[in-house]
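Trainee: Let me give you the structure first, and then I'll get to my questions.
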Ligand code: FER
């Protein structure tokens with residue numbers, strides 16, 4: 001019961017922090033009926049394939065090596081301003097090695113700090129790396145609203161076009177800035193792109209049409225900015241041969257699930273391997289955190305798409321409230 005109330009409060013707080021940045025408390029103006037999108041219709045394959053992880057995956061452990069989180073500025077020729085991104089370097093980061101990179105994109109109400117507020121990826125990755133569950137990688141959290149004023153202000157939906165412009169900023173400005181500053185691998189097999197909601201749509205739109213740049217793609221609760229499956233995967237055979245991992249997920253209480261379902265159905269029809277995880281969450285940070293946790297463990301590993309999902313048994317069970 002206590003956990004239920006706590007998670008309800010967290011959900012309310014997260015929606016508030018995602019959308020109440022124009023000084024008006026509560027959900028954004030054009031949010032319909034307390035949930036985005038239309039009615040939710042679940043099919044037989046819309047099931048949870050990866051279990052909810054334990055509650056402590058983002059708990060700071062005092063006894064393990066820590067990575068570093070820093071705000072980095074870069075000059076964006078696309079936008080014509082100096083922009084900011086949040087960058088995680090793993091524990092023991094050294095220029096003697098070349099690291100793979102995950103570019104991680106936020107939602108419509110967020111900015112370069114949103115993932116940190118929602119899921120503390122630095123703690124999540126420190127824990128996964130300490131347990132040998134994820135390979136050391138750099139995680140770049142840029143600002144996906146590619147316009148001069150890139151703060152999440154006013155009606156956040158007005159900036160939707162700037163989320164499309166970000167394709168250029170990412171490819172021409174963000175990636176070169178990261179590759180100039182950090183010791184990173186510069187090939188597609190060691191570059192991943194993932195995001196939540198608007199950032200999920202961006203990851204599909206930019207990733208699937210730039211497989212020469214990204215081989216690993218993750219999209220959690222993708223928003224209506226997601227292009228049609230035919231545009232994203234015009235040549236299924238080619239997509240199939242280039243993708244190392246395509247992770248699609250959505251909560252079964254998320255009114256945007258039809259966006260992910262449309263692509264997922266198409267991928268099935270065209271026999272493009274992918275992971276489809278429909279858990280019991282809504283359009284909320286728990287879904288994003290949990291799916292990042294599982295996605296991160298597959299990244300940059302051999303045969304990621306054919307790894308069997310973990311079962312409840314090989315996960316540490318969440319602590320029970322009372323006996
Ligand atoms: C929409 C509903 C939701 C939309 C975008 C969103 C562009 C994005 C939500 C988010 O990023 O959380 O109609 O249109």
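Trainee: As an exercise, take the mean of 1/r over every pair of distinct alpha carbons in the chain, invert it, and state the Kirkwood radius in angstroms.
Mentor: For the chain, inverting the mean 1/r across all distinct Cα pairs yields 19.9 Å.
Trainee: Taking Cα centroids, how far is segment 275-295 from segment 205-251 in Å?
Mentor: Value for the Cα centre distance between the two parts: 17 Å.
Trainee: What distance in nm lies between label points placed 7 Å from Cα along the C-beta direction at residue 98 and residue 131?
Mentor: 3.1 nm
Trainee: Which residues does a label at residue 157 reach in segment 264-291, if reach means a backbone N under 20 Å from a point 7 Å past the Cα toward the Cβ?
Mentor: Within reach of a label on residue 157, which here means backbone N under 20 Å from a point 7 Å along Cα→Cβ, segment 264-291 contributes 283-284.
Trainee: Based on other C-beta atoms within 10 Å, arrange 103, 266, 50 from fewest to most.
Mentor: 266, 50, 103
Trainee: Per the Debye formula with a single identical scatterer at each Cα and no solvent contribution, what log10 I(q)/I(0) holds for segment 72-165 at q = 0.13, 0.21, 0.24, 0.25 Å⁻¹?
Mentor: Rounded to two decimals, the profile gives -0.51, -1.03, -1.20, -1.26.
Trainee: Separate question: Pop the C-beta distance of residue 117 and residue 48 into the FRET formula with R0 = 22 Å and round what comes out to the nearest 0.05. Each step should come with its number before you reach the end.
Mentor: Working: r = 25 Å, r/R0 = 1.15.
Computed FRET efficiency for residue 117 and residue 48 comes out at 0.30.
Trainee: List the relative contact order of segment 78-206 as a percent without decimals, with contacts defined as Cα pairs under 8 Å and 6+ residues apart. Before the final figure, lay out each step's value.
Mentor: On the way: 195 pairs, mean separation 51.3, N = 129.
Contact order relative to length: 40 percent.
Trainee: OK, next. Under a crude label model (7 Å from the Cα following the beta-carbon direction), how far is residue 268 from residue 306 in nanometres?
Mentor: 2.3 nm
Trainee: Over all directions, how big on average is the projection of the convex hull of the alpha-carbon atoms in segment 163-294, in square nanometres? Intermediate values should be presented prior to the final figure.
Mentor: On the way: hull surface 30.7 nm².
It is 7.7 nm².
Trainee: Let me ask something else. Can you tell me what share of the DSSP beta bridges in the chain is antiparallel? A percent to the nearest 5 is fine.
Mentor: Given both bridge residues lie in the chain, the antiparallel proportion sits at roughly 35 percent.
Trainee: Here's a follow-up. Looking only at segment 94-227, where both bridge partners belong to it, what percent of the DSSP beta bridges are antiparallel (to the nearest 5)? Intermediate results must be reported in sequence, preceding the final value.
Mentor: Details: 0 of 14 bridges.
So the antiparallel bridges amount to about 0 percent of the total.
Trainee: Rounded to the nearest 500, what is the 222 nm mean residue ellipticity of the chain from helices alone, with -39500 (n - 2.57) per DSSP H run of 4+ residues and division by all residues?
Mentor: Helix contribution divided over all residues of the chain: -9000 deg cm²/dmol.
Any read-out appearing in this document is the output of simple, stated calculations on the displayed coordinates, not a laboratory observation. For clarity, every value in this text was computed on a predicted model and none was experimentally measured. Here the Cβ is made from the backbone with ideal geometry for all residues, glycine too, and neighbour counts use every protein chain on show.
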